[in-house]
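Working notes, structure below.
The values are calculated or read from the model by the stated rules, or taken from the named source; none is laboratory data. This structure is a prediction, so every number in the text was calculated from the model and none was measured. In this analysis, Cβ positions are derived from the backbone assuming ideal geometry, glycine residues included, and neighbour counts consider all displayed protein chains. Please note that ligands, DNA and RNA were not included when accessible areas were found on the heavy atoms of the full protein model with its side chains. Shrake-Rupley method; radii C 1.70, N 1.55, O 1.52, S 1.80 Å.
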Amino acid sequence: MSDHAPLLLRHHRPFLAFWCARIFTASGFQMLTVAIGWHLYQLTGNVLDLGLVGLVEFAPRVLFMLHTGHVADRYDRRRVAALCQFAQALIALALVVGSSTHSVTRELIFVLAFLLGSARSFEMPATQALLPNVVPSALFPRAVAASASAMQSATIVAPALGGFLYAFGSVWVYGPTVVLYVIACGLTLRLSAARQPANRGRASLESLLAGIRFIRSRPDVLGAVSLDLFAVLLGGATALLPVFAKDILLTGPWGLGLLRSAPAVGALLMSVWLARFPIERRVGRVMFTAVGVFGVATIAFGLSTSFWFSLAVLAVLGAADMISMVIRSAFVQLETPDEMRGRVSAVNGLFIGASNQLGEFESGVTAHWFGTVPAVVLGGVGTLVVTGVWIKLFPTLAGRDHMHTQKKG
């Protein structure tokens, strides 16, 4: 961890609770993801189902997007996030019961994936909007990187642990996730946010659409979040990792866990570096370069038949994605007034969810049509094309020098 992360943890106890809660909730989700993917592939052997899980989990972000942001701006963000974490604990508990009674089916997994996506849809904007209230604005860019390092630390350990535990049975993975989510819920409730959300009015169409209008009114913000949407939507190969682990790289659940962890290793190392040396100049050029590296790494992974080389390029992919994520997250939050952060975070969350969960569906469909390896390679090429097009469409973003251009009063 960087020199600045301990400073945050020592002098801002709420951030310590926030940081630990992020570790536990991220660990629970990563373990669930590994177990559900392997479990479903064992049940059906159909690569398209792996993509459908991503689509089902993404659907709530579209259905509830406008309301999730309003909830984050109207109610106590701590309680909203904690309630969502508790709901995810109940989902994991349902999988424990189902695995113990051998009653987990393809349909049950899809239903629980929808509920999991619903809980995360409300949790994400509440959590993102809460962080600026936990730390001073001067430390916020470093807090984003430190928070990301917590997420990535969990993402390194949890998938590998989940893959290892799955060898003893699925219940050995689902059970611990219940505990992790309950701990995260308790830590979140202990937070002492400095301010309550300012928006106390009733939901209206104008209020719900405010986040969309805000992003549309800032071309650089729109360019940043849409770049992530289309680049990762095309380049993401996460949903196909069970196929690579089982059929191409010839490993078992433990290998799948390591493959899921590899991007987080690169991301963690990069987040530690960024917390110590935050990007302050040429942020546009750095972000676009990182997305381009993401595309190249995706192509390399798709063509690899070596397990260890695949781990290495996935680590590079994770590091590049972390650079883009930190710039985008800090940039969007710093440009957004506090009373609108929930709604703007909800829209941003939709873009992130589309790039991840909808990207998993896209990967499953293209793998079903063209084959697993061609699907990943074409996705990486698509990411490079998107990067070039976005440089032309958003020239001020590509040439942006600083993280933000104006100070908020």
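Do the conditions hold for F58, that is, is it open to solvent by 10 Å² or more (accessible area, probe 1.4 Å), touching a Cys at 6+ places or on another chain (Cβ under 6 Å), touching a residue at least 60 places away in the same chain (Cβ under 8 Å) and aromatic (F, W, Y)? Talk me through it step by step, then tell me what you get.
Numbers: open to solvent by 10 Å² or more (accessible area, probe 1.4 Å): yes; touching a Cys at 6+ places or on another chain (Cβ under 6 Å): no; touching a residue at least 60 places away in the same chain (Cβ under 8 Å): yes; aromatic (F, W, Y): yes.
It is false that F58 is open to solvent by 10 Å² or more (accessible area, probe 1.4 Å), touching a Cys at 6+ places or on another chain (Cβ under 6 Å), touching a residue at least 60 places away in the same chain (Cβ under 8 Å) and aromatic (F, W, Y).
Quick grid of which residues meet (1) among the hydrophobic types (A, V, I, L, M, F, W, C); (2) modelled with pLDDT under 85; (3) assigned to a helix (DSSP H, G or I):
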{"position": "L241", "(1), (2), (3)": "yes, yes, yes"}
{"position": "L250", "(1), (2), (3)": "yes, yes, no"}
{"position": "A264", "(1), (2), (3)": "yes, yes, yes"}
{"position": "L268", "(1), (2), (3)": "yes, yes, yes"}
{"position": "G302", "(1), (2), (3)": "no, no, yes"}
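Can you confirm whether region 100-111 contains a residue that is under 20 Å from G175 (Cβ atoms), in contact (Cβ under 8 Å) with a residue 40 or more places away in the chain, of a type in the set (A, V, I, L, M, F, W, C) and open to solvent by less than 40 Å² (accessible area, probe 1.4 Å)?
Yes, there is a match, as at least one residue in region 100-111 is under 20 Å from G175 (Cβ atoms), in contact (Cβ under 8 Å) with a residue 40 or more places away in the chain, of a type in the set (A, V, I, L, M, F, W, C) and open to solvent by less than 40 Å² (accessible area, probe 1.4 Å).
One line per residue, one yes/no per condition, for (1) aliphatic (A, V, I, L, M); (2) more than 19 Å from the chain's Cα centre (by Cα); (3) at positive phi:
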site	(1), (2), (3)
A21	yes, no, no
T33	no, no, no
F58	no, no, no
M65	yes, no, no
V96	yes, yes, no
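Of these, V104, V111, which one is over 19 Å from the mean Cα position of the chain (by Cα), part of a helix (DSSP H, G or I) and either closer than 22 Å to G163 by Cβ or aliphatic (A, V, I, L, M) (or both)?
Answer to the check: V111.
Of a type in the set (S, T, Y) and either under 19 Å from A245 (Cβ atoms) or touching an Asp or Glu at 6+ places or on another chain (Cβ under 6 Å) (or both): is that true of T44 in this structure?
Yes.
When A82 is evaluated against the numbered criteria (1) among the aliphatic types (A, V, I, L, M); (2) surrounded by 19 or more Cβ atoms within 10 Å (Cβ to Cβ); (3) under 30 Å from A275 (Cβ atoms); (4) at pLDDT below 90, which criterion, by number, is the only one it fails?
The failed condition is (4).
For region 282-298, which residues satisfy the criterion of being part of a helix (DSSP H, G or I), open to solvent by 10 Å² or more (accessible area, probe 1.4 Å), out of contact with any Leu (no Cβ under 8 Å at 6 or more places or on another chain) and touching a residue at least 60 places away in the same chain (Cβ under 8 Å)?
Hit for region 282-298 is R285, nothing else.
Quick check on S118: is it under 26 Å from P159 (Cα atoms), at pLDDT 85 or above, assigned to a helix (DSSP H, G or I) and in contact with a Pro (Cβ under 6 Å, 6 or more places away or on another chain)?
Considered against the rule, which asks whether it is under 26 Å from P159 (Cα atoms), at pLDDT 85 or above, assigned to a helix (DSSP H, G or I) and in contact with a Pro (Cβ under 6 Å, 6 or more places away or on another chain), S118 comes out as yes.
Could you check, for region 35-47, whether at least one of its residues is farther than 17 Å from G169 by Cα and out of contact with any helix residue (DSSP H, G or I) (no Cβ under 9 Å at 6 or more places or on another chain)?
Checking region 35-47: at least one residue is farther than 17 Å from G169 by Cα and out of contact with any helix residue (DSSP H, G or I) (no Cβ under 9 Å at 6 or more places or on another chain).
Is there any pair linking a residue in region 172-196 that is modelled with pLDDT of 80 or more to one that is among the aromatic types (F, W, Y), with Cβ under 6 Å and at least six apart or on different chains, and which?
V173/Y166; L180/F24; I183/F24; A184/F24; C185/F86
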